[in-house]
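In what follows, a structure is listed as structure tokens, so that the remarks can point back to it.
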Amino acid sequence: MASDLIRNDHQRGIRLAGLIGSAWLFTLLAGLRLPSDQLHPLLITGLVLLRSFLHTGLFIVAHDAMHGSLIPGQGPLNRIIGQACLWAYAGLNFRQCQKHHIQHHQTPGSKTDPDYRNAENPSPLAWYARFLSHYLNTTQLVRLASCMGLLLFIMPANQEQQLLTLVLIYVLPLIISSWQLFVVGTLLPHRNNGPEIDGLHQPISLNLHPALSFAACYHFGYHREHHSYPAVPWHQLPEVRTVVAQS
């Protein structure tokens, strides 16, 4: 099996998680101090896209923590790191997200799959709304609003466009990230009914070069491999894909 051939290098995973978290925090604090109303549009676009990619990275780290593959055998540490990432991401609750995600793995493409489309309205927008509905609630929205309030509080007093800066540095990256996770990690891999195993729909993988796969969504597009070997961390999915293709 591919999972037996790929060594779970948790030290590499921790280093990458630290790099993602540090880059996210640095760009956040630096971005809050930039005069957004004076920057060139191309620079702003680049910053927003970078922040979006790093924001997605927080969720990917938390996703590995949900599967216990961030630090294998260390459940409490996985939960602590995963929760910190999800709070920073959008005020999400780790246990609730973990419960929904495990259910997604257990019954993919079924009525009980929280990430699957609504059979009555399979449009991408309706699917996206259903996708979000299982992760959003009043408590989470209060935490998210509190986070944004804190960012406004720590923003320099001489920042003339505080709301605009908040939107560019946090709100817009969050929205883009949610679409990135939805499109690459849910819509495209699950949009068509692929082969079934024990009566359950199996996702497909996107045929992307590893570099593009990383840029698209941290290899989340290699979705068939992830469902087959959920204990393999995100950074080793290209290796799993190669091993499976050669077997």
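The values are calculated or read from the model by the stated rules, or taken from the named source; none is laboratory data. All values reported here derive from a predicted model rather than from experimental measurement. FYI the Cβ positions are ideal-geometry reconstructions off the backbone, even for glycines, and counts take in every protein chain you see.
Looking at (1) farther than 26 Å from Arg95 by Cβ; (2) of a type outside the set (D, E, K, R); (3) surrounded by 15 or more Cβ atoms within 10 Å (Cβ to Cβ), can you tell me which one Pro41 breaks?
(3)
Name the pairs whose Cβ atoms lie under 9 Å apart, with the first residue in the stretch 158-176 and closer than 15 Å to Gln38 by Cα, the second acidic (Asp, Glu) and loosely packed, with under 15 Cβ neighbours inside 10 Å, and 6 or more positions between them or separate chains?
Listed pairs, sorted by first residue: Glu160/Asp37; Gln161/Asp37; Leu164/Asp37; Thr165/Asp37.
Against the conditions (1) more than 17 Å from the chain's Cα centre (by Cα); (2) touching a residue at least 12 places away in the same chain (Cβ under 8 Å), where does Thr242 fall short? Just the number, please.
(2)
Against the condition modelled with pLDDT of 90 or more and within 18 Å of Arg117 (Cα to Cα), how does Leu181 come out, does it pass?
yes
Of a type in the set (Asp, Glu), under 30 Å from Gln11 (Cβ atoms), out of contact with any Lys or Arg (no Cβ under 6 Å at 6 or more places or on another chain) and surrounded by fewer than 19 Cβ atoms within 10 Å (Cβ to Cβ): is that true of Glu239 in this structure?
Judged against the criteria, Glu239 is a match.
Among Ser36, Ser69, which is surrounded by 15 or more Cβ atoms within 10 Å (Cβ to Cβ) and under 22 Å from Leu164 (Cβ atoms)?
Ser36
For a quick check of your reading: which helices (runs of 4 or more DSSP H) sit entirely within the stretch 103-185 and have at least 1 residues that are over 18 Å from the mean Cα position of the chain (by Cα)?
Passing ranges, in order: 124-133, 138-154, 162-166.
Restricting to the stretch 86-110, and then to whatever is over 28 Å from Arg51 (Cβ atoms) and not hydroxyl-bearing (Ser, Thr, Tyr), can you tell me which residue is surrounded by the fewest Cβ atoms within 10 Å (Cβ to Cβ)?
Only one residue tops the list, namely Gln106.
Which one of these is touching a residue at least 24 places away in the same chain (Cβ under 8 Å) and over 25 Å from Leu150 (Cβ atoms): Ser69, Ser52?
Ser69
Pick from the stretch 12-33 the residues that are buried (at least 20 other Cβ atoms within 10 Å of the Cβ) and closer than 17 Å to Ile176 by Cβ: which of them is farthest from the chain's Cα centre (by Cα)?
Ranking the candidates gives Gly31 first.
Name the residues in the stretch 211-230 that are surrounded by fewer than 21 Cβ atoms within 10 Å (Cβ to Cβ), at pLDDT below 95 and not in a loop (DSSP other than H, G, I, E, B), would you?
Passing the criteria: Arg224, His227, Ser228.
For Asp113, are the conditions met, namely being farther than 25 Å from Leu172 by Cβ, at pLDDT 95 or above, among the acidic types (Asp, Glu) and surrounded by 14 or more Cβ atoms within 10 Å (Cβ to Cβ)?
The answer is no for Asp113.
Among the residues of the stretch 10-25, which ones are of a type in the set (A, V, I, L, M) and in contact (Cβ under 8 Å) with a residue 12 or more places away in the chain?
Ile14, Leu16, Ala17, Ile20, Ala23
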